[in-house]
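Visitor: Please read through the structure below; I'll follow up with questions.
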Number of protein chains: 2
Amino acid sequence: MKIQDICTDCTVRDEALCGTLSEDELWALNTIGRRQRIARGDTVIWAGDTSVICANLLSGVLKLVAATPDGREQIVGLLYPADFVGQAHAGLADFTITALTDAELCIFPRAAFQRVLEDHGRMERLLLQRTLTALTAARHRMLSLARKSAEERIADFLLEMALRAANTGCRATPDGPLTFDLPLTRGQIGDVLGLTIETVSRQMTRLKAAGVIGLPGGRAVTISDRAALAVCAHAA
Amino acid sequence: MKIQDICTDCTVRDEALCGTLSEDELWALNTIGRRQRIARGDTVIWAGDTSVICANLLSGVLKLVAATPDGREQIVGLLYPADFVGQAHAGLADFTITALTDAELCIFPRAAFQRVLEDHGRMERLLLQRTLTALTAARHRMLSLARKSAEERIADFLLEMALRAANTGCRATPDGPLTFDLPLTRGQIGDVLGLTIETVSRQMTRLKAAGVIGLPGGRAVTISDRAALAVCAHAA
DNA sequence: CGCAGGCTTGACATAAGTCAACATGCGTGG
DNA sequence: CCACGCATGTTGACTTATGTCAAGCCTGCG
């Protein structure tokens with residue numbers, strides 16, 4: 001496979017870890033990577049498995065799930081295009097990773113990937129940077145899960161999703177109403193926020209009734225009054 | 001200052017990041033590090049500050065605190081001896097770091113520390129490793145905070161502290177009763193577990209009444225029946 | 001058309017929070 | 001050495017946010 005076939009047309013080329021590599025360096029990864037499509041609902045990694053994938057997410061959204069032995073679940077992370085999937089170094093997988101939408105991965109054999117990582121300090125540094133970002137995000141979410149009300153969590157979540165939607169093309173007036181589709185069902189939002197589907201539903205209706213957001217139907221949300229939503233996010 | 005003065009007698013020499021360095025390499029860090037004592041209650045880093053410390057923790061316990069604007073607090077991490085404190089790379093501090101006990105730091109100017117880090121890939125890799133471990137721990141705690149009952153969280157916490165106590169000298173029969181002192185007040189345990197001080201207190205008394213643990217007084221705890229405690233941790 | 005998955009809404013249960021009183025234990029200074 | 005005072009911890013009565021259970025409603029798809 002030629003480099004053009006794999007990397008040049010890569011949709012996440014600039015944002016992914018490989019973005020740090022020059023054309024030449026890219027060859028190293030290119031020769032070992034292969035693309036793979038996965039369907040919505042497919043599990044990429046099972047918690048506890050030893051053989052762990054090493055990949056970049058090209059498209060779609062994945063969830064990282066922690067679960068108790070008796071089946072309670074918590075989504076502890078979401079992976080979006082250009083995010084790194086799996087573990088660079090060997091070991092048991094800590095969490096189950098499942099596709100929330102159809103998705104596409106660029107998979108690398110771990111040994112080879114590790115070697116590239118070691119040869120390119122810049123790339124390793126970027127991986128560290130990302131891990132630190134994820135750690136900070138996880139810790140902020142700990143605060144939400146432990147101390148914030150359902151309304152605050154929902155408002156936080158909607159603002160975060162709105163930000164992501166705004167960054168992903170979908171241009172709109174900066175402060176004006178913004179409409180976008182959530183990539184998650186109500187149940188999955190509950191799994192992210194540590195709430196039940198009923199509580200999510202009720203709070204969304206409340207926000208709608210308060211005129212802060214609109215729910216045009218389907219998975220769409222309209223942020224009618226971002227300032228008001230921000231207020232909800234910090235004192236509910 | 002000679003290397004003997006700073007590193008040879010270092011109590012965390014083997015476990016800290018510097019443990020990866022040879023005697024020679026150590027010089028690089030040694031010449032730039034300085035020890036500093038801090039008192040219980042002192043804050044080392046304020047969330048939002050720009051000038052951020054870069055240090056190894058030599059002794060004592062620090063807490064990493066996330067807070068809402070209206071004052072609700074959550075401890076999102078604890079730092080023990082040999083742990084790295086602060087941020088290797090510049091930027092605003094994400095969380096406030098405060099000493100829970102008197103403590104001692106080995107502080108490095110960031111620029112110099114970063115240089116050492118870049119020159120020693122092994123050390124950087126170790127930092128990545130630690131960050132990943134912290135990320136996994138944070139995510140497991142997200143599950144606890146979001147989905148576990150107060151009793152489960154307390155049991156989890158006690159088992160974790162017991163493990164730490166066992167590893168920190170304090171030898172005892174592997175499965176027999178183990179007694180140790182918690183480095184945290186009830187209130188701080190609440191801050192870690194996302195509970196109130198009253199709930200912590202009540203659950204501890206319940207576990208004691210159930211004969212699973214003993215509370216000899218002060219901050220001491222005795223794990224009388226580790227198996228039973230583990231059961232509490234997974235189904236309450 | 002009719003089913004299935006997702007969503008909404010309601011009535012009710014409950015774990016944990018809040019408020020308040022009291023106990024304990026530790027350190028300081030008389 | 002004792003006594004006082006403050007920080008910490010315990011316990012109780014009551015409140016409340018959120019979970020649970022249950023019924024019914026959309027909406028898109030076969």
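Visitor: Where nothing but the Cβ of Lys and Arg (+1) and of Asp and Glu (-1) is charged, how large is the charge dipole of segment B:3-144 around its Cα centre, in debye to the nearest 20?
Guide: Dipole about the Cα centre, nearest 20: 380 debye.
Visitor: Kindly flag which residue pairs out of A:K63/B:K63; A:K148/B:K63; B:K63/B:K208 have an alpha-carbon separation exceeding 22 Å in this structure.
Guide: Beyond 22 Å between Cα atoms: A:K63/B:K63; B:K63/B:K208.
Visitor: Just add up the charged neighbours of B:P69: K/R +1, D/E -1, any other residue whose Cβ is under 14 Å from the Cβ of B:P69.
Guide: -1
Visitor: Along Cα-to-Cβ, 7 Å out, sits the label point; list in nm, shortest first, how far the one on B:S51 is from those in the other copies.
Guide: List, nearest first: 5.4 nm.
Visitor: Any idea what the A:L92 label distances to the other copies are, label 7 Å down the Cα→Cβ vector, nm, shortest first?
Guide: 3.9
Visitor: Which is farthest toward the positive dipole end of segment A:148-234 among A:A162, A:I197, A:G218, measuring Cα position about the Cα centre, with Cβ charges +1 (Lys, Arg) and -1 (Asp, Glu)?
Guide: It is A:G218.
Visitor: With all protein chains present, how much of the accessible area of segment B:44-121 (probe radius 1.4 Å) comes from carbon and sulfur, to the nearest whole percent?
Guide: 51
Visitor: As a test of reading the structure, rank A:D42, A:D14 by solvent-accessible area (1.4 Å probe, protein chains only), most first.
Guide: The ranking, largest first, comes out as A:D14, A:D42.
Visitor: Restricted to Cα positions, what overall size does segment A:3-105 have along the principal axes? Three whole-Å values, descending.
Guide: Largest first, segment A:3-105 extends 49, 27, 19 Å along its Cα principal axes.
Visitor: Something else about it: Do any trypsin sites (Lys or Arg not before Pro) in segment A:158-227 lie in a loop, going by DSSP, with at most 15 other beta-carbon atoms within 10 Å of their beta carbon, and if so which?
Guide: Those that pass, being in a loop and sparsely packed, are A:R171, A:R219.
Visitor: Taking a label point 7 Å from Cα toward Cβ, how far is B:E25 from its twins in the other copies, in nm, shortest first?
Guide: With the label placed 7 Å along Cα→Cβ, B:E25 yields 2.1 nm.
Visitor: Quick one: dipole size for the protein assembly as shown, taken about the Cα centre, charges +1 on Lys/Arg Cβ and -1 on Asp/Glu Cβ, in debye to the nearest 20.
Guide: For the protein assembly as shown, the charge dipole is close to 1040 debye.
Visitor: Among B:F84, B:F180, B:F108, which one shows the biggest mean-square fluctuation in a GNM of chain B, springs joining Cα atoms closer than 10 Å?
Guide: B:F180
Visitor: Assuming R0 = 22 Å, what is the FRET efficiency of A:A47 and B:A230, from their Cβ-Cβ distance, to the nearest 0.05?
Guide: 0.70
Visitor: Now for a separate question. At 7 Å along Cα-to-Cβ for each site, give me the label-to-label distance between B:L92 and A:R13 in nm.
Guide: That separation, rounded to one decimal, is 3.4 nm.
Visitor: Which Cα, out of B:T43, A:L135, A:L184, lies furthest along the positive dipole direction of the protein assembly as shown (beta carbon charges, K/R +1, D/E -1)?
Guide: A:L184
Visitor: When a/c is below 1.5 the answer is rounded, else prolate if a/b is larger than b/c, else oblate, so apply that to the protein assembly as shown with a ≥ b ≥ c taken from the square roots of the Cα gyration tensor eigenvalues.
Guide: oblate
The values are calculated or read from the model by the stated rules, or taken from the named source; none is laboratory data. Everything numeric here is computed off the predicted structure, so don't read it as measured data. No Cβ is skipped: glycine too gets one built from the backbone with ideal geometry, and neighbour counts run over all protein chains shown. Protein only, heavy atoms only, side chains kept; ligands, DNA and RNA dropped before computing areas. Shrake-Rupley method; radii C 1.70, N 1.55, O 1.52, S 1.80 Å.
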